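The values are calculated or read from the model by the stated rules, or taken from the named source; none is laboratory data. Note that this is a predicted model, so its numbers are computed, not measured. Glycine also receives a Cβ, built like all others from the backbone with ideal geometry; neighbour counts cover every protein chain displayed.
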Amino acid sequence: MLKDSYGRVATDLRVSLTDRCNLRCSYCMPPEGLDWLAGPDVLTDDEVVRLLGIAVGLGVTDVRFTGGEPLLRRGLTDIVSRASRLRPRPELSLTTNGIGLGRMAASLRDAGLDRVNVSLDTLDPQRFASLTHRDRLADVLAGLEGAAAAGLNPIKINAVLMRGLNDDEAAPLLRWALEHGYRMRFIEQMPLDAQHGWKRADMVTADEILERLRPEFDLSPVGKRDRGSAPAEEWVVDGGPATVGIIGSVTRPFCAACDRVRITADGQIRNCLFARDEFDLRAALRDGESDHALAERLRSAMWAKKPGHGIDDLGFLQPTRPMSAIGG
Ligand code: SAM
Ligand code: SF4
């Protein structure tokens, strides 16, 4: 079991398959991009699958492939297929910007992918180009259509709202998602951009997101307000069955119930998005350590997890790695 010293158990593993990306979302990457990891530094497909097997043996039930942009990983379909043969079989999901998903959705579903989250912050092509520094909105929308046609369900849309840039799109995004049968989720912007430019005052908070939705939709909380380890507070829209999720990682942290652990594309364990310490699995893997020894490394990395992200602490320091190299 992957337990920390506060009694939380990690069952949700996020594996970054690359730090490369074909977009430059301003809350994640600078317009000029970043230096990518060198090929040999990135875990091979065999190394990834071996670590997944060890993690599943330690009680991980959910594996999410992320990045950078995971669709850029050449071996993605094969990794998904091999992961789907692990026992007990984990739930397999993907977080992607959607570019190229149309082409790959059917083979990913056939390989065993269960669910997909697509990140999309605007429905306006010019705004998309200015927020991501790439004119690719049509490709994202085509990717979404391909995912739906391939039968991937549910399809969740993740949007980060930014003050003065796209915060007027909360209601239009939700309306569009309802029309297409996608599940909309809004995420507070976190201090994880490579440029270290995050300012609390610029963040559109969960409360503000609700304020922007309420004039147009009737929202009632789903069940009890206790969301367990789920990051999103879910709201029933206009009497249901559709819902909208709001992930207030900064103003409504869910650290006390966190069940996540991450492995970066270069094989570093991160026990928290905001961790400043990492635990090297790659060197151990390549030094020929046994599965048992690697499992012990995962266990001790989890034990060291801090109680919370500490964004409100006076001494808070943003992690050196940006979100694109951690994997959301
Ligand atoms: N490239 C894929 C994508 O965009 O979905 C996967 C990697 S991306 C780092 C994963 C998620 O992190 C996306 O939903 C993105 O919106 C989110 N993200 C990136 N930087 C963020 C930030 N500073 N605050 C909140 N969410 C962020
Ligand atoms: Fe790329 Fe995803 Fe970061 Fe956007 S959020 S720059 S799509 S890794």
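Quick rundown of the values:
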read-out	value
Matching residues, segment 99-129, being without any contact (Cβ under 8 Å) to a residue 12 or more places away in the chain and within 16 Å of ligand 2 (Cβ to nearest atom)	129
Given (1) polar (S, T, N, Q); (2) under 22 Å from residue 20 (Cβ atoms); (3) in a helix (DSSP H, G or I), index of the condition residue 318 fails	(3)
Residue 186 within 14 Å of ligand 1 (Cβ to nearest atom) and surrounded by 14 or more Cβ atoms within 10 Å (Cβ to Cβ)	yes
Some residue of segment 236-246 being out of contact with any Asp or Glu (no Cβ under 6 Å at 6 or more places or on another chain) and among the charged types (D, E, K, R)	no
Test: residue in segment 88-98 that is within 16 Å of ligand 2 (Cβ to nearest atom), β-branched (Val, Ile, Thr) and either in a loop (DSSP other than H, G, I, E, B) or on the phi > 0 side of the Ramachandran plot (or both)	no
Filter result for the condition that a residue is closer than 28 Å to residue 318 by Cβ, over 16 Å from the mean Cα position of the chain (by Cα) and within 16 Å of ligand 2 (Cβ to nearest atom), over 9, 42, 15, 48	42
Pairs with Cβ under 8 Å, 6+ apart, first in segment 136-156 and assigned to a helix (DSSP H, G or I), second of a type in the set (Asp, Glu)	137/124
Only listed residue being closer than 30 Å to residue 134 by Cβ, touching a strand residue (DSSP E or B) at 6+ places or on another chain (Cβ under 8 Å) and not polar (S, T, N, Q), chosen from 64, 24	64
Test: residue in segment 22-32 that is within 20 Å of residue 230 (Cα to Cα) and more than 11 Å from ligand 1 (Cβ to nearest atom)	no
Looking only at segment 82-97, and only at residues there that are without any contact (Cβ under 8 Å) to a residue 40 or more places away in the chain, within 16 Å of ligand 1 (Cβ to nearest atom) and not hydroxyl-bearing (Ser, Thr, Tyr), the one that is surrounded by the most Cβ atoms within 10 Å (Cβ to Cβ)	94
Leading residue by the ranking (farthest from residue 186 (Cα to Cα)) among those in segment 235-250 that are surrounded by 15 or more Cβ atoms within 10 Å (Cβ to Cβ) and modelled with pLDDT under 95	250
Residue in segment 114-123 that is aliphatic (A, V, I, L, M), modelled with pLDDT of 95 or more, over 18 Å from the mean Cα position of the chain (by Cα) and more than 15 Å from residue 75 (Cα to Cα) present	yes
Residue match in segment 260-269 (condition: in contact with a strand residue (DSSP E or B) (Cβ under 6 Å, 6 or more places away or on another chain), surrounded by 14 or more Cβ atoms within 10 Å (Cβ to Cβ), polar (S, T, N, Q) and part of a loop (DSSP other than H, G, I, E, B))	yes
Answer residue from segment 98-121, given it is more than 14 Å from ligand 1 (Cβ to nearest atom), of a type outside the set (Asp, Glu) and in contact with a strand residue (DSSP E or B) (Cβ under 8 Å, 6 or more places away or on another chain) and is farthest from residue 53 (Cα to Cα) among those	105
Residue satisfying all of: in segment 274-328; acidic (Asp, Glu), touching a residue at least 12 places away in the same chain (Cβ under 8 Å) and under 17 Å from residue 43 (Cα atoms); nearest to ligand 2 (Cβ to nearest atom) among these	278
Close pairs (8 angstrom Cβ cut-off, 6 or more residues apart or separate chains): closer than 23 Å to residue 173 by Cα and part of a loop (DSSP other than H, G, I, E, B) in segment 184-212, of a type in the set (Asp, Glu) and at pLDDT 95 or above anywhere	204/167; 204/188; 205/188
Identity of the residue in segment 57-84, farther than 25 Å from residue 3 by Cα and basic (Lys, Arg), that ends up nearest to ligand 2 (Cβ to nearest atom)	73
